[in-house]
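Quick notes on the structure that follows.
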Amino acid sequence: MQSKPVEVPSIKKPITRSPGFAKKELSDYKLDACGLCQFGCRYCSSNSGNYLRIRRAKFADLTEQQLDERLLPSEDPSLMFVWPDYLDRLREQLGKKSKGWGRGETLVYSMLTDGFSPYLVSSGITETSLRLVLEKTSFRIRVLTKNAIVGTSRWTRFFCEHSDRFVVGLSMGTLDDRWAKRVEVGTPSPTSRLKALRKLQDAGVPTYGMLCPIFPDVLEGDQLEKLIDRIRPQEVEHVWAEPYNDRQNWEAVRSGYRRGGHGHRWLTEVYEQGRKDLWSKYATELYMRLRDKADREGWLGKLRYLLYEDQITQQDSRMFEGLEGVLLQSKPDKDGRSRNTWLATMRN
Ligand code: SF4
């Protein structure tokens, strides 16, 4: 995929708090190095996030001026927004902080974009960003990427040199490289991501599992269990997992599935025909299989299942008894309780 970088104004302070990721227990702070990721996953939630949504028209104008085409991120996965003075802004922000900033806290690189987008890696922005955070702060850095380049010897050496500061994860929700080519547009294949994860583990770099999102077709047969085995749960610090949550992109995701196949049918039934009970059933089965496998194999304490629980039906709620390994993600009521009354009872 030929990428189309468009320059847009940088944000003032690249490092900011990340309450959304804190709720997921992934990080306290985040650092993004560009405005729109160079990869084009059709399910990416960033397109519907505040940053791009609020600036949609302005960025479309800039795209038109620079590329002679009016393109939108949701329509063209090859589009990328770069921040020309991002490194200056990062240096400026870090210049005002003491080296102790971030002690005992985690910073994710990155949250809304992929900080190992090929453009950022080849231009040196990735390495400079990471070195600046290493030198000027005390954060532990959680690398979150889909770029298998992190498993090359150059990068494993880099992470090993600072293994007390890094934990690295590659997100993946399938072993199907052909599916990924159609839906995770422009990313290295799941097979190459898994190889990279293994190389990091074999080199002694701390790693974590990021099975996000896992689509319903992965529940067919034993694909899910095979996927879990491949990330080597015994080796990683934690295993995050998540069902697919629609962010106004289900039609784009469906276009990556064969018409008449399970995934295509499921997306049609749930989102076009409004069968929300099927989403509940799928999210529940996914949890139960993860929990049972983790329990059998002794790594249940590592499981972090991210669940937007307002969509879980009363009948399925029973399967979450004890909420082991579950992090509830839906907005709570004003007393901080889950709005899913059945799950709220279990928690109290
Ligand atoms: S790699 Fe991550 S940030 Fe980039 S498009 Fe895919 S899901 Fe979005």
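No lab work stands behind these numbers, since they all come straight from the coordinates. Just so we're clear, the structure is a prediction, and the values are computed from it rather than from any experiment. Positions of Cβ are backbone-derived with ideal geometry, glycine not excepted, and every protein chain shown enters the neighbour counts.
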Checklist entry - What list do you get for 271, 109 if you sort them by fewest beta carbons within 10 Å? => result 271, 109
Item to check | Order of 162, 238 - criterion: other Cβ atoms within 10 Å of each residue's Cβ, fewest first | outcome: 162, 238
Checklist outcome for this item: From the cross-link list 96/334; 97/146; 23/96; 23/293, the entries with a Cα-Cα span beyond 32 Å are 96/334
Checklist outcome for this item: Expected sort for 155, 101 with the fewest Cβ neighbours (10 Å cutoff) up front is 101, 155
Checklist entry - Between residue 339 and residues 5 or more places away or on another chain, which pairs have amide H atoms under 5 Å apart, with H built 1.01 Å from N, and which residues are they? => result 333
Item to check | Interchain or long-range residues, amide H under 5 Å from residue 244's placed H | outcome: 214
Checklist entry - Taking the chain as a Gaussian network, Cα atoms linked when under 10 Å apart, which of 177, 333, 229 shows the biggest mean-square fluctuation? => result 333
Checklist entry - What is the set of long-range amide H partners of residue 105 at a cut-off below 5 Å, with H atoms built 1.01 Å from backbone N? => result 140
Item to check | Nearest-20 debye value, the stretch 206-348 charge dipole, Cβ charges on Lys, Arg, Asp, Glu | outcome: 220 debye
Checklist entry - Taking a 28 Å limit on the Cα-Cα distance, which of the listed pairs 30/302; 13/99; 99/331 fall beyond it? => result 99/331
